[in-house]
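Novice: A single structure is presented below for examination.
Every read-out reported here was derived from the displayed coordinates using simple, explicitly stated rules and does not represent laboratory data. Because the structure is predicted, anything quoted here is derived from the model rather than measured. Please note: Cβ atoms are built from the backbone with ideal geometry, for glycine as well, and neighbour counts cover all protein chains shown.
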């Protein structure tokens with residue numbers, strides 16, 4: 001690809017990098033770093049994995065969920081968006097969609113090389129869209145990849161937004177499960193994800209971004225939905241999530257599940273199934 | 001009983017000491033891992049199995065449907081039914097017999113028998129007075145009633161209650177009971193240490209020859225039984241201080257099983273089902289018997305299997321000479337040694353109503369790939385560890401060879417079963 005790769009000694013610790021990524025940018029024009037960041041020899045912390053599994057509802061297995069690898073790459077997202085070459089900051093960026101593929105089962109004991117870069121800066125009606133693209137390798141083999149699309153509200157990018165996406169028509173669904181999300185869930189997920197974004201834990205911060213109460217992290221909802229059907233997920237799979245409407249904490253939501261030709265379709269909805277919060281598709285990796 | 005029931009496979013995760021590598025894993029996690037490993041090896045992903053029966057001795061109240069929940073987390077078809085059974089340390093053998101009987105009757109053609117226990121993630125409960133106060137408060141219809149309920153709370157009520165290993169009727173722990181048996185049957189220290197050392201050496205040798213390659217699936221980075229000490233010796237074991245029976249006791253941490261974490265599963269099927277699924281039947285389930293003794297009345301707590309063994313052999317028209325391999329669960333080395341002595345004791349056997357002594361077990365036929373002292377003993381999993389191990393050993397020796405399993409259990413109970421290679 002010809003992209004410069006900055007190899008870090010270890011995953012960036014909580015602290016400076018996070019702080020920088022959280023400081024709102026004054027820039028109006030969206031700029032993204034052209035380089036990739038990479039860390040080799042990442043040891044998965046089994047205690048944290050066990051904790052993550054509990055918080056998200058997964059069974060603790062010898063192989064890890066795809067969403068866990070996403071969580072492991074998160075410090076690299078932060079490093080990229082905290083870089084001085086980035087005017088897009090993590091704070092205020094809205095996670096719009098996530099796609100990830102587990103190419104082969106990954107053991108909890110495997111050491112991973114993680115690499116993330118930003119690409120595809122493009123205009124959107126409400127700001128700028130960027131893709132954070134991650135890859136996990138074991139011994140040179142890509143075992144997982146994922147892309148998170150963020151919307152940087154209010155930022156400018158030259159050009160015209162693509163015409164409204166062909167978002168599928170939402171038909172109200174009958175939920176087959178009800179999740180009661182406690183107020184402390186935001187803190188529980190912060191502990192296991194190490195994502196310090198205050199919007200998930202602080203009412204004041206949530207208000208500052210226009211939410212009445214803290215909102216649960218979209219990747220928790222994603223993980224919880226996969227966990228709900230974990231026995232039916234193939235050994236290698238692709239999961240696509242669209243984050244449509246934040247879930248306020250505490251709160252109660254529903255889960256609708258419907259099999260389709262490709263695999264499973266999951267919808268995390270309002271309690272009555274009238275409106276979707278998160279839509280997910282899971283199918284075997286090709 | 002018209003259908004032949006075969007053991008067509010087995011799987012467990014390596015066992016580990018309490019507080020070790022599985023400290024963060026729950027019974028649900030480990031049971032799912034054991035089942036999924038079996039499903040993967042036998043090619044049963046997405047398959048609807050007749051029934052899965054599992055259990056745990058130390059169980060959280062939220063795990064009332066432990067086995068069914070594990071099935072739903074596993075790769076088995078979600079339409080696979082399950083039930084929880086529990087018979088202390090004999091659980092894994094009792095779940096095996098429960099399913100074997102159903103298959104024999106034609107109610108099922110396939111089943112997975114399992115057991116799991118975590119002493120690391122043991123349930124902690126609240127004291128009885130606190131529980132009563134909480135229940136009363138939850139039924140209260142007014143704030144006043146609720147306050148009145150909580151007003152009865154005393155600091156002493158707040159102490160958490162760990163599960164006890166003591167027998168409810170005697171207040172003695174299993175080790176203390178076994179210490180009485182050890183004295184009564186005059187089992188010396190050297191014999192216990194020799195048996196313990198042999199268990200470790202035989203289990204290590206079985207691992208080394210790859211015997212467990214199709215019986216165990218690694219879990220959370222553990223690839224071999226973490227309790228196993230291949231380099232232990234009679235000399236090293238002799239240096240340990242007594243753990244039970246007072247300063248002159250002969251039972252130590254080395255010749256008693258440690259508290260363990262682990263899970264095991266057995267695939268049972270009719271011969272036809274096994275053939276349709278291209279699975280090699282290792283052995284058929286011949287018969288089994290469960291028994292109990294009057295331990296509050298002074299009987300040896302862990303010798304209930306002796307009576308069951310005598311009756312079972314008699315019912316099948318067999319003697320110990322017809323048995324090629326013996327698997328006697330090593331709760332303690334002295335349990336095995338006392339059991340063997342009891343088998344040969346005419347008076348004891350007569351007191352059980354048997355026609356004479358059961359007979360002697362040649363040491364070379366006993367626990368040939370080690371047992372619980374070396375592997376560990378996650379209570380409910382042990383029976384489901386032994387069944388496939390013995391079935392595979394018999395299969396290696398050829399059709400017609402027979403094996404006997406004897407598992408003692410808390411409450412003065414025990415289960416004995418006979419397998420025969422097919």
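Novice: How much of the calculated P(r) for chain A lies past 23 Å, in percent of all Cα pairs?
Specialist: Within chain A, distances greater than 23 Å cover 54 percent of Cα pairs.
Novice: For residue A:10 and residue A:170, FRET efficiency with R0 = 35 Å and r from the beta-carbon atoms, rounded to 0.05?
Specialist: 0.25
Novice: How are the alpha carbon pair distances in the protein assembly as shown distributed across 20 Å bins from zero to the largest one, expressed in percent?
Specialist: 16, 42, 29, 11, 1
Novice: Turning to a different aspect of this structure: Could you work out the percent of alpha carbon pairs in the range A:54-185 separated by over 17 Å, rounded to a whole number?
Specialist: Everything past 17 Å amounts to 67 percent.
Novice: Take the alpha carbon atoms of the range B:353-404, find their center, do the same for the range A:80-133, and report the distance between the two centers in whole angstrom.
Specialist: 56 Å
Novice: Could you put B:343, A:170, A:179 in order, starting from the residue whose Cβ has the fewest other Cβ atoms within 10 Å?
Specialist: Least crowded to most crowded, the residues run A:170, A:179, B:343.
Novice: From the C-alpha gyration tensor of the range B:279-422, pull out the three semi-axes of the equivalent ellipsoid (sqrt of 5λ each), sorted largest to smallest, in whole Å.
Specialist: 23, 18, 13
Novice: Then there's this: Determine the equivalent ellipsoid of the range B:246-290 by diagonalising the alpha-carbon gyration tensor, then write out the semi-axes as square roots of 5 times the eigenvalues, largest first, rounded to whole Å.
Specialist: Rounded to whole Å, the semi-axes are 41, 14, 8.
Novice: Then there is this: Can you give the translational diffusion coefficient of the range B:239-346 in µm²/s, computed by Stokes-Einstein from the Kirkwood radius over Cα pairs at 10 °C and 1.306 mPa s?
Specialist: 92 µm²/s
Novice: For chain B, set up a Gaussian network in which alpha carbons nearer than 10 Å are linked by springs, and say which option among B:122, B:114, B:269 fluctuates the most.
Specialist: B:122
Novice: Starting from the Cα of residue A:162, step 7 Å along the direction of its Cβ; do the same at residue B:248; then give the gap between the two resulting points in nm.
Specialist: Reported label-point gap for residue A:162 and residue B:248 is 8.6 nm.
Novice: At q = 0.12, 0.14, 0.17, 0.18 Å⁻¹, what log₁₀ I(q)/I(0) does the range A:178-286 have when each alpha carbon counts as one equal point scatterer in the Debye sum?
Specialist: -0.42, -0.57, -0.80, -0.88
Novice: Also: Using r as the Cβ-Cβ distance of residue A:261 and residue B:294, and R0 as 56 Å, what FRET efficiency do you calculate, to the nearest 0.05?
Specialist: For residue A:261 and residue B:294, the calculated efficiency is 0.30.
Novice: Go ahead and run the numbers for FRET between residue B:170 and residue A:141, Cβ-Cβ distance against an R0 of 51 Å, rounding to 0.05.
Specialist: 0.30
Novice: For chain A, with a Gaussian network of springs between Cα atoms less than 10 Å apart, report the residue from A:264, A:255, A:80 with the top mean-square fluctuation.
Specialist: A:264
Novice: In a GNM of chain B with a 10 Å cut-off on Cα contacts, which of B:112, B:13, B:323 has the highest mean-square fluctuation?
Specialist: B:323
Novice: On to the next question. For the range B:203-281, compute Rh as the Kirkwood radius over C-alpha pairs and then the Stokes-Einstein diffusion coefficient at 25 °C and 0.890 mPa s; write the answer in µm²/s, rounded to an integer.
Specialist: 151 µm²/s
Novice: Run the simple label-point estimate for residue A:47 and residue A:240 please: 7 Å along Cα→C-beta, distance reported in nm.
Specialist: Here the answer is 4.0 nm between the modelled labels.
Novice: In square nanometres, what is one fourth of the surface area of the convex hull spanned by the alpha carbons of the range B:3-132?
Specialist: Over every viewing direction, the Cα hull of the range B:3-132 projects on average to 8.9 nm².
Novice: As a check on your grasp of the helix formula, calculate [θ] at 222 nm for chain A: sum -39500 (n - 2.57) over DSSP H runs of n ≥ 4, divide by the residue count, round to the nearest 500.
Specialist: Rounded to the nearest 500, it is -6000 deg cm²/dmol.
Novice: Further question on the same structure: How much length would be gained if the chain were fully extended between residue B:321 and residue B:126, taking 0.36 nm per residue of separation minus their Cα-Cα distance, in nm to one decimal?
Specialist: Extending this stretch completely gives an extra 65.0 nm.
Novice: Still on this structure, I have one more. Residue B:134 to residue B:159: extension gain in nm, 0.36 nm per residue of separation minus the Cα-Cα distance?
Specialist: That works out to 7.6 nm of additional length.
Novice: Let me ask something else about it. Among A:157, B:336, A:88, which comes first, second and so on when ranked by fewest other beta-carbon atoms within 10 Å?
Specialist: Ascending number of Cβ neighbours within 10 Å: A:157, A:88, B:336.
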